[in-house]
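This report refers to the structure that appears directly beneath it.
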Amino acid sequence: MKILIISPGYLPVPAINGGAVESLIDTIVNENEKQQKITITVIGINSKNDNNDLILNSTIYKYINNKSLLFKIKKVIYALINKIPNIYIGNAYIREVIKKLKKENIKYDKIIIENNPLYGLVLKKYINYPMILHLHNDYLNKSSKKNLKVYKCYERILTVSDYIGKRVAEINLKNNNKIYTLYNGIDISKFKQELSEKEKNKIRNKYKIHKNDFIFMYVGRINKQKGVKELIIAFNELNKKYANTKLLIIGSSDFKNSKKSKYINEIQKLTTKNTIFSGYIDNNDIWRFYKTCDTQIVPSIFKESLGDVVIEGLASSLPLIVNNVGGIPEIVVDNSALICNEKDLIPSLIKNMEKIYLDDNDIRESLTKNGIKRAAVFSKEQFYKNYINLIKKR
């Protein structure tokens, strides 16, 4: 089977600058390079200026030049036109994708559109191949633009959680038999690696954390929706009571090359010396921090589609505290995390942080044991197997 994956076109593929969608495309490609069950072409943007094709054994990357002046002018023009009610003509990126496909005239068995539902509306006018939408975020629901037309143009819709699938189903459809949940997959083995005490101490020393300090960790983008401010407020209250606690905040306002935001400036004013900001940490090194810290907290306020950092925490044998929003509760079933009350987040965070710190009823051991079992559901191998089955499904 020959498939075409169309990336969103906002970040490079392979995912050298991060990005959840782009990283998942990497997972599909890398696993397929091992098993070679299909032939994949990926269309996206490149971080380099040459935009030459990248060819692997079972994968070809084709690139759209998004750095030219003409592309940038088109980008503005299309954005202005798309602001007109009930109008969508595509953006500069998908228009260039169509131009490339028409020029090359290569036949594909399936086209997989990653996370931009509206791309299908434009593509179907020019490309006569079955299209599948792989939906990572809440971008297709009863409030989204041209939702029913978008839904109808896809043969199948794969959603990263039941929560996102239910949001799609709210479009008042006569039948929902084309919606399937496809949970994300990560490299579980990477997060199962052991880290020596010497290496743990090296990280602790870098951030001036004492070896006897208890470290609560946050990993992710630092913005209002992620609940970082609420986490800091909760930690400050806990820290007054337990002086040897530390909060390590890993991430930046957006992705790898993002600048310091107004929100980061705002929350840093709330912090004490016991809250440490690491900045962006490369995905290849993040497992070392999971192994160095004592507990991970995911305090998201908005309804997360799923939450890969939660899966990473489970795989790292790290006790978790999460908020009860979006697709996150689907990950941490079977008592694999402490779950906060989203309507009373700050007091709930304080309560659960103290519970883990004091290790009431050996809760850390219980969470770790259950978390390791649960993480297996989200392995890259299982994800790839499910992905292949769903795109081949008749």
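The values are calculated or read from the model by the stated rules, or taken from the named source; none is laboratory data. What you are looking at is a predicted structure, and each value in this text was computed from that prediction instead of being measured. Cβ atoms come from the backbone with ideal geometry, glycine included; neighbour counts cover every protein chain shown. Keep in mind that these areas ignore ligands, DNA and RNA; they rest on the heavy atoms of the full protein, side chains included. Shrake-Rupley method; radii C 1.70, N 1.55, O 1.52, S 1.80 Å.
When we screen I77, I3 for residues that are in a strand (DSSP E or B) and either out of contact with any Phe, Trp or Tyr (no Cβ under 8 Å at 6 or more places or on another chain) or modelled with pLDDT of 95 or more (or both), the only hit is I3. Among the conditions (1) touching a residue at least 24 places away in the same chain (Cβ under 8 Å); (2) in contact with a helix residue (DSSP H, G or I) (Cβ under 8 Å, 6 or more places away or on another chain); (3) more than 23 Å from I388 (Cβ to Cβ); (4) assigned to a helix (DSSP H, G or I), the only one that K102 does not satisfy is (2).
Within segment 152-195, restricting attention to residues that are open to solvent by 60 Å² or more (accessible area, probe 1.4 Å) and free of Cβ contacts under 8 Å to residues at least 12 places away in the same chain, the residue that is farthest from L135 (Cα to Cα) is S189.
When residues of segment 298-315 are filtered for being closer than 16 Å to I363 by Cα and of a type in the set (G, A, S), how many remain? Spell out the reasoning first.
Taking segment 298-315 first, the residues closer than 16 Å to I363 by Cα are 313-314.
Filter once more, keeping what is of a type in the set (G, A, S): 313.
Number of matching residues: 1.
Over 18 Å from the mean Cα position of the chain (by Cα), loosely packed, with under 14 Cβ neighbours inside 10 Å, over 24 Å from I311 (Cα atoms) and modelled with pLDDT of 95 or more, is that true of K259? Outline the logic, then answer.
Numbers: over 18 Å from the mean Cα position of the chain (by Cα): yes; loosely packed, with under 14 Cβ neighbours inside 10 Å: yes; over 24 Å from I311 (Cα atoms): yes; modelled with pLDDT of 95 or more: no.
It is false that K259 is over 18 Å from the mean Cα position of the chain (by Cα), loosely packed, with under 14 Cβ neighbours inside 10 Å, over 24 Å from I311 (Cα atoms) and modelled with pLDDT of 95 or more.
Would you call S196 hydroxyl-bearing (S, T, Y) and over 24 Å from the mean Cα position of the chain (by Cα)? Before you say what the answer is, go through the steps one by one.
Numbers: hydroxyl-bearing (S, T, Y): yes; over 24 Å from the mean Cα position of the chain (by Cα): yes.
Yes; evaluated as a whole, the condition is true for this residue.
Residue pairs whose Cβ atoms lie under 6 Å apart, separated by 6 or more positions or on different chains, with the first residue in segment 84-97 and polar (S, T, N, Q) and the second surrounded by 10 or more Cβ atoms within 10 Å (Cβ to Cβ), are N91/Y78. For segment 316-345, filtered to residues that are outside any loop (DSSP other than H, G, I, E, B) and open to solvent by less than 10 Å² (accessible area, probe 1.4 Å), the residue that is nearest to I301 (Cα to Cα) is N323. For K72, the conditions (1) open to solvent by 60 Å² or more (accessible area, probe 1.4 Å); (2) in contact with an Asp or Glu (Cβ under 9 Å, 6 or more places away or on another chain) are fulfilled apart from (2). Number of residues in segment 19-69 that are part of a loop (DSSP other than H, G, I, E, B), surrounded by fewer than 18 Cβ atoms within 10 Å (Cβ to Cβ) and of a type in the set (A, V, I, L, M, F, W, C) equals 1. Counting only helices (runs of 4 or more DSSP H) wholly contained in segment 182-287, the ones carrying 3 or more residues that are among the hydrophobic types (A, V, I, L, M, F, W, C) occupy 228-241. Of all residues in segment 120-147, those satisfying the criterion of being open to solvent by 70 Å² or more (accessible area, probe 1.4 Å) and not charged (D, E, K, R) are Y126, N128, Y139, S143.
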